[in-house]
Every structure is written in C-alpha cells, then in structure tokens.
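Take a look at the structure below.
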Amino acid sequence: MSDLPNNNHNNGDYSANNIQVLEGLEAVRKRPAMYIGDVSIKGLHHLVYEVVDNSIDEALAGYCDKIDVCINEDGSITVKDNGRGIPVDMHEKEGKSALEVVMTVLHAGGKFDKDSYKVSGGLHGVGVSCVNGLSSYLKAVVHRDGKIYEQEYKTGHPISDIKEIGETDITGTIITFKPDASIFSTTEYKFEILSSRLRELAYLNKGIKLTITDKREKDDEGEHRREEFYSKEGLKEFIDYLDATRVKLIEEVINISAIKNGTPVEIALQYNTSFSENIHSYVNNINTIEGGTHLTGFRRGLTRTLKSYADKSGALSKLKFEISGDDFREGLTSIISVKVQEPQFEGQTKTKLGNSEISLVVDQAVSEMLSNYLEENPKDAKIIVQKVILAAQARHAARKARELVQRKNVLSGGGLPGKLADCSDRNPELSEIYLVEGDSAGGTAKQGRDRKFQAILPLRGKILNVEKAMYHKVFENEEIKNIFTALGVSIGTEEDSKALNIEKIRYHKIIIMTDADVDGSHITTLIMTFFFRFMKEVIENGYLYIATPPLYQVKKGKSSRYCWSEEDRIQAIEELGKGKDSGVSIQRYKGLGEMNAEQLWSTTMNPETRTLRQVSIDSAAEADRVFSMLMGDEVPPRREFIERHAKYANIDA
Ligand code: 0RA
C-alpha cells in the first residue's frame with residue numbers, strides 16, 4: 001500500500017517482512033469494516049466471536065473442551081481456553097515467536113496447523129490478529145510445555161518481547177483485549193448478545209463447556225452475572241430449547257448426522273402444533289440467515305422423502321389438489337449445520353452459502369436418513385403425514401379466502417387503506433410511517449406530524465396475535481391487511497409466501513408508536529411478532545423502529561422538562577425546583593392521548609429531538625424462541641422470562 005508512511009523504509013534495518021506485518025494491521029485499522037463488518041455494536045461483539053472461534057477450532061480439533069469468556073470490570077474481555085496453547089517457538093522466517101506472528105500477521109492463525117480440520121473462524125475468518133489491531137490493549141498468555149508465556153500489544157504492535165513468567169502444569173490460551181474506543185462507535189459489551197452466541201455455539205458444538213461472567217455488576221447477593229452452556233446432545237437439545245413453549249407432535253427430535261463427500265452434515269427436526277416454519281441454518285457455526293445451497297438441499301430432500309412416503313402409504317389419494325413445499329414445513333422446527341472446507345458466502349450480508357455441491361450433499365443425507373426413520377417409526381411417520389395434509393387443506397382454504405379478499409379489494413377500487421394519512425413525498429428513503437395505537441392517538445399524530453415525509457396509520461386496539469392464528473386468519477385480519485397495503489408490499493402466495501417484494505416498500509422507516517404502559521408494550525410486541533413472522537426482511541433491512549414517548553413532564557411556572565426515565569424525573573425535579581419554593585408539578589403520561597399534537601411532535605416525532613429504537617435480530621434462533629414464548633399459549637415460561645429479563649431489559653429488543 002503506497003499511502004503508508006512505512007513504505008519508504010524498505011531498506012536498511014527494515015526487512016520486507018517487518019513492513020508487511022505493519023501494513024497488515026494498519027490496513028485493519030484503516031478499514032475495519034472490511035474485516036469485521038462494521039464498527040458499531042455488531043462489529044464490537046464480533047471481536048469476541050473471533051477469539052472464541054479460535055478456541056472452538058482448537059476444540060473441534062479435539063484439544064479443548066472449556067472456554068470461558070469474561071467481561072472485565074473495565075469493560076475489556078478475557079477469553080480463556082484449555083487447548084494446546086498458541087505455539088511460542090521462534091518462527092525462523094519471521095524472526096519472532098510464533099505467538100507474535102499469530103497475533104500480528106493477518107490470516108496467520110492457522111498457518112502452522114494445515115492438517116487440522118479448520119472450519120470455524122468467524123464470519124470473516126480474519127483471525128485473532130485482527131482483534132489485536134482493533135484493540136487499544138491486548139495481552140496474550142500461553143500455558144504450554146510446562147511454562148507460562150506472556151506478550152502485550154497496543155493497537156496490534158508488541159509493547160514487550162514475549163516473556164516467560166512462570167511454570168504451569170496445564171495448557172491453554174488466555175487473551176485479554178480492550179476494544180479501541182477511537183475505532184468503535186460504542187465499546188460497551190452486552191451480556192445478552194454474548195451469552196446468546198455462546199449458547200448457540202454450545203448447541204452447535206456438543207461437548208464443549210462455555211461460560212460467561214460479567215464482572216461489571218453484582219446482583220443483590222453480591223454475585224456476578226454468570227451463565228454456563230454445555231450441550232451433551234447438540235442440535236437435538238437446541239430444538240428442545242427453541243420449542244420449549246410449543247407443543248411437539250412426535251416424542252423425540254429426529255436426528256440426521258452424516259459425512260457426505262467429506263462434508264459433515266448435522267440436522268435435527270421436530271414438528272409442533274404451530275403454523276410457523278422455523279428453520280435455522282449454519283455453515284461452520286455461522287448463522288446463514290440468507291440461506292443458500294444447504295437449505296435448498298434440505299428442503300428438496302425433505303419434500304421428496306415425505307411426499308414419496310405419503311404417496312406410498314396412500315394417504316394422499318383423497319386430496320383433490322397438489323401439496324406444496326410449504327405444507328411439509330408448517331409447524332417444523334429444524335436446525336441444519338454443515339461444515340464446509342472452503343465456503344463461498346454470498347448475498348447482502350454474506351450469509352448465503354454459494355457452494356453448489358453442498359445442495360446435493362444435504363439432499364442425499366436427508367433422503368437416506370429420513371426415509372429410514374419413517375420406515376422404522378411408522379407411528380411418527382403417520383402423525384407427520386397427517387400434519388402435512390392438514391396444512392395443505394388449510395392453505396387451500398386460505399388461498400380461496402385470500403382471493404375473495406383481493407377481489408373485494410379490487411372491486412372497492414384497491415388503493416391505500418382509508419385510515420392511512422399518507423405523506424406527500426414519494427421517495428421511500430425519505431418517508432416514514434407511524435403505526436399508532438388507537439384512533440384517538442392516531443388523530444393527534446395526524447395533526448402533529450410533518451405531512452411531507454410522515455404518514456400515519458392508526459391501528460385499532462390489539463392487533464391479531466399471529467403466533468396463535470392460522471395463516472388465512474392472519475390475511476383476513478383488517479389491521480394486518482391495512483399494514484400490508486399501506487406499505488405497498490403484496491401478500492405472498494403459496495410457495496413464495498415468505499418472499500416479500502421488499503423493493504416496493506413505500507417507507508424505509510416503519511415506526512411503532514404505542515402508549516408507554518403495559519398494554520402499549522404488549523401491542524408493540526404483537527406488531528414486532530407480526531413483522532418477524534411475516535416480513536422479516538423489514539427487520540433485516542433495518543426499517544423497523546419503536547418510538548419512545550416520554551413518561552413524565554415536570555413543570556414549574558413557564559419552564560418544563562420531558563422525562564424518559566425515573567432518573568430523568570428525579571433530576572428534573574431537582575433542577576427545576578432548585579433553591580426556590582416548591583410548585584413543581586409532575587404529569588405522568590399514561591398514554592399518547594394525554595399529549596397534544598405539538599407535544600407529541602416535539603417529544604416523539606420530530607427527527608431533531610426524538611429517540612427511535614431500531615429493532616434488530618441478533619440471533620434469529622433466539623428471537624424465534626422469545627417470540628414464540630411471549631406470544632404462545634404457555635404462561636409460566638413467559639412470566640419467568642419477563643421477570644428474569646426485567647432487570648437487564650434490552651431496549652434494542
Ligand atoms: C496455531 C497453531 C496451533 C494452535 C493455535 C494456533 C491456537 C490458537 C488459539 C487461539 C485461541 N486459542 C488457541 N489455541 C490454539 C497448534 C499448536 C500445536 O500444534 O500444538
């Protein structure tokens with residue numbers, strides 16, 4: 001790279017290797033997003049995954065079974081494993097220890113270890129040196145060959161030589177790093193985000209114990225927050241975890257495990273009484289949210305195998321219409337995990353597997369093992385076939401209902417819902433739509449908005465709980481039809497019911513605005529569930545937001561302050577009431593309706609002053625579980641969940 005100052009010194013004392021080392025990590029610091037995706041909260045957490053992935057690789061190679069992650073008091077991270085320890089011997093060519101090479105040369109991670117089965121290694125597979133480059137401080141401690149070694153770094157550069165600091169009878173690697181605050185937009189780690197990734201890793205890689213400890217805070221008993229994850233049976237237990245609040249159709253999760261053409265394929269599946277399809281796919285422990293060839297292979301294998309079994313059993317003879325692929329996946333929860341030697345990732349977020357050979361690999365694994373299963377378990381096979389037929393019948397009925405609805409819609413002129421107050425701008429990138437709880441608040445919002453770019457769609461009361469409703473009920477629901485029509489996206493049909501024509505969407509900000517009370521947050525959750533189940537692309541594109549109306553107004557004479565939390569309120573009372581006689585009044589806003597149009601605008605709708613919370617999916621599997629739990633039938637786990645999360649409630653949902 002010619003724009004780096006060190007380039008001029010390519011003579012004298014500097015060896016070419018030295019310069020390359022420098023260039024490597026300077027490149028990471030210059031364009032961090034190229035290496036870790038972004039420098040937001042996502043990229044920040046990616047640093048931990050990158051280090052943990054190295055330990056997982058050590059575990060997959062058979063040398064490690066314990067990984068401990070710690071969020072330290074000062075916000076730094078420590079990852080400790082009981083693997084072989086990073087080698088420390090002198091590296092002839094580089095003229096430095098192997099440890100230093102691993103820590104300071106880009107992509108040097110697996111250099112010494114070509115034979116081992118290396119398939120982990122993070123979404124970008126950039127290695128731990130990348131973490132080093134993006135850390136203001138990093139310390140590597142290695143237990144190996146009876147000795148303890150240590151080296152420290154600053155922004156990727158060693159600040160000491162490798163030192164022998166003691167003796168040991170264990171082996172392993174301990175890496176502590178502090179993300180560089182001049183690079184990341186935030187350096188505050190979230191326990192929830194890290195713990196759900198570690199849980200996922202535990203299920204995906206059975207037999208490894210992963211722990212996380214948060215030393216930043218203590219609970220009432222003086223204990224640090226801590227979680228431990230260990231899965232003896234892997235994917236099977238992952239399914240049980242995801243389906244905790246769903247009613248299963250067959251007793252045992254179906255397991256498929258095979259190595260086809262050298263590619264390990266692991267699949268677990270279970271049918272439940274719900275109507276939704278929950279398939280989560282992974283390649284080398286990475287959640288492939290955009291799918292890819294492994295998913296295509298799975299679907300094809302599943303459909304063909306079940307269809308041929310059902311055909312043979314004669315169960316389909318009475319059906320007067322074709323079964324579609326979707327029918328085989330209604331009420332299906334499944335995890336697909338493949339380990340691919342040289343994965344090609346495609347798609348917008350590089351989470352779509354492109355390797356064409358994998359499709360057949362997975363298809364064959366499913367066909368062979370599932371047809372065996374069906375032959376050996378005729379009782380379960382019958383239950384599954386019955387479920388598929390029911391799904392087909394319901395879908396058939398739903399299509400008729402939908403056609404009727406759409407015909408009516410055309411007869412009444414089609415167009416936008418009557419309740420929508422649209423904005424005048426036609427550019428989706430600049431347009432917003434507020435989904436407002438209740439007609440009355442909707443009216444206030446219509447008065448208060450900037451009509452150029454803000455549209456208002458009032459929703460009456462509670463929208464349908466899509467987690468409990470059948471497909472055709474969802475599409476018959478007035479409020480939900482209004483949302484679809486207002487957004488300008490069409491209701492999918494049959495096979496492609498999950499493929500939304502997102503490029504037609506009329507607004508790039510969809511803002512849920514409800515009362516700041518229990519009912520309001522329930523409605524927010526209902527609407528989020530609806531988007532998660534039927535328009536996931538909206539969330540994935542970052543279009544879904546939650547408005548945050550104030551909780552209080554503290555007033556004294558002519559001055560007033562809006563408050564969004566108890567702390568805000570206490571501070572406002574103190575500041576407004578300072579030194580003078582009292583006369584401070586506090587208004588608690590129970591609902592949006594208690595604000596007038598001007599107040600609603602200035603506190604909640606004006607882009608200059610409002611705070612929007614963007615809805616994101618950190619872990620699709622976890623989101624799936626949480627929504628099915630919050631919105632499903634079983635009350636006790638929901639209560640437990642709410643109580644457990646009350647203290648640590650994650651506002652970014
Ligand atoms: C290179 C080679 C070997 C192990 C590792 C790296 C290694 C890296 C990390 C990062 C975190 N924990 C780790 N554990 C091991 C192979 C060493 C050998 O052959 O003994």
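Could you tell me the distance between the Cα centroids of segment 216-276 and segment 144-164, to the nearest Å?
38 Å
Separation between the N372 and R29 pseudo-spin-labels, each 7 Å from Cα along Cα→Cβ, expressed in nm?
In this crude label model, N372 to R29 measures out at 5.5 nm.
Any of K320/K504; K260/K307; K387/K536 with alpha carbons more than 28 Å apart? Name them for me.
Over 28 Å apart, Cα to Cα: K320/K504.
Pop a pseudo-label 7 angstrom from the Cα along the beta-carbon direction at both Q348 and A181 and give the gap in nm to one decimal.
Label at Q348, label at A181, 3.4 nm between them.
Just to compare against my own numbers: the Cα pair-distance distribution for the chain, 20 Å bins, whole % per bin, please.
16, 44, 32, 7, 0
What does the charge add up to near E330, with Lys and Arg as +1, Asp and Glu as -1, over the other residues with Cβ less than 9 Å from its Cβ?
0
Enumerate the amide H contacts of R451 below 5 Å, restricted to partners 5 or more residues apart or on another chain; note that Pro and chain-start residues carry no placed amide H.
So R451 has HN proximity to no qualifying residue.
Under the definition of Cα pairs under 8 Å and six or more residues apart, what whole-number percent is the relative contact order of the chain?
Details: 1196 pairs, mean separation 59.3, N = 653.
Relative contact order for the chain comes out at 9 percent.
So how much slack lies between K42 and S490, counting 0.36 nm per residue of separation and subtracting their Cα-Cα distance, in nm?
Working: separation 448, 0.36 × 448 = 161.28 nm, distance 3.13 nm.
In short, 158.2 nm is gained.
Out of the trypsin sites (Lys or Arg not before Pro) in segment 212-314, which ones are loop residues according to DSSP with at most 10 other C-beta atoms within 10 Å? Provide the component values of the computation, followed by the final result.
Numbers: sites: K215, R216, K218, R225, R226, K232, K236, R246, K248, K260, R299, R300, R304, K307, K312; in loops: K232, R246.
Passing both the DSSP loop test and the Cβ count: K232.
For the chain, what is the mean residue ellipticity at 222 nm derived from helices alone (per DSSP H run of n ≥ 4: -39500 (n - 2.57); sum divided by total residues; nearest 500 deg cm²/dmol)?
Numbers: 19 runs with 237 residues, N = 653.
The helix-only estimate for the chain comes to -11500 deg cm²/dmol at 222 nm.
Where in segment 417-487 are there GluC sites (Glu not before Pro) that are in a DSSP coil and have at most 10 other Cβ atoms within 10 angstrom of their Cβ? Let's see the in-between values first.
Numbers: sites: E429, E432, E437, E467, E476, E478, E479; in loops: E467.
Sites meeting the loop and neighbour criteria: none at all.
Which of the GluC sites (Glu not before Pro) found in segment 277-347 are loop residues per DSSP with 12 or fewer other Cβ atoms within 10 Å of their Cβ? Kindly include the intermediate steps, with their values, before the conclusion.
Details: sites: E277, E290, E322, E330, E346; in loops: E277, E290, E322, E330.
Filter output for segment 277-347: E322.
Projected onto the charge dipole of the chain (+1 at Lys/Arg Cβ, -1 at Asp/Glu Cβ, origin at the Cα centre), which of I502, V253, L106 gives the Cα projection farthest towards the positive end?
I502
Show which aspartates and glutamates lie in cross-link reach of K379 when reach means a straight Cα distance below 14 angstrom and same-chain residues fewer than eight apart are skipped.
Of all the aspartates and glutamates, those that pass the test against K379 - Cα under 14 Å, at least 8 places apart if same chain - are E251, E252.
Leaving ligands, DNA and RNA out of it, rank I480, I193 by accessible area with a 1.4 Å probe, largest first. Spell out each step's value before the answer.
Values: I480 0, I193 20 Å².
Correct descending sequence by accessible area is I193, I480.
Could you list the residues of segment 266-304 with an amide nitrogen less than 18 Å from a label point located 7 Å from the Cα of S616 in the Cα-to-C-beta direction?
Output list for this probe position: 287-290.
Each label point is 7 Å from the Cα along the Cα-to-Cβ direction; what then is the distance between the points at E598 and Q341, in nm?
7.2 nm
The values are calculated or read from the model by the stated rules, or taken from the named source; none is laboratory data. Bear in mind the structure is a predicted one, so any value in this text is a computation, not a measurement. Here the Cβ is made from the backbone with ideal geometry for all residues, glycine too, and neighbour counts use every protein chain on show. The accessibility values were calculated without ligands, DNA or RNA, using every heavy atom of the protein model including side chains. Shrake-Rupley method; radii C 1.70, N 1.55, O 1.52, S 1.80 Å.
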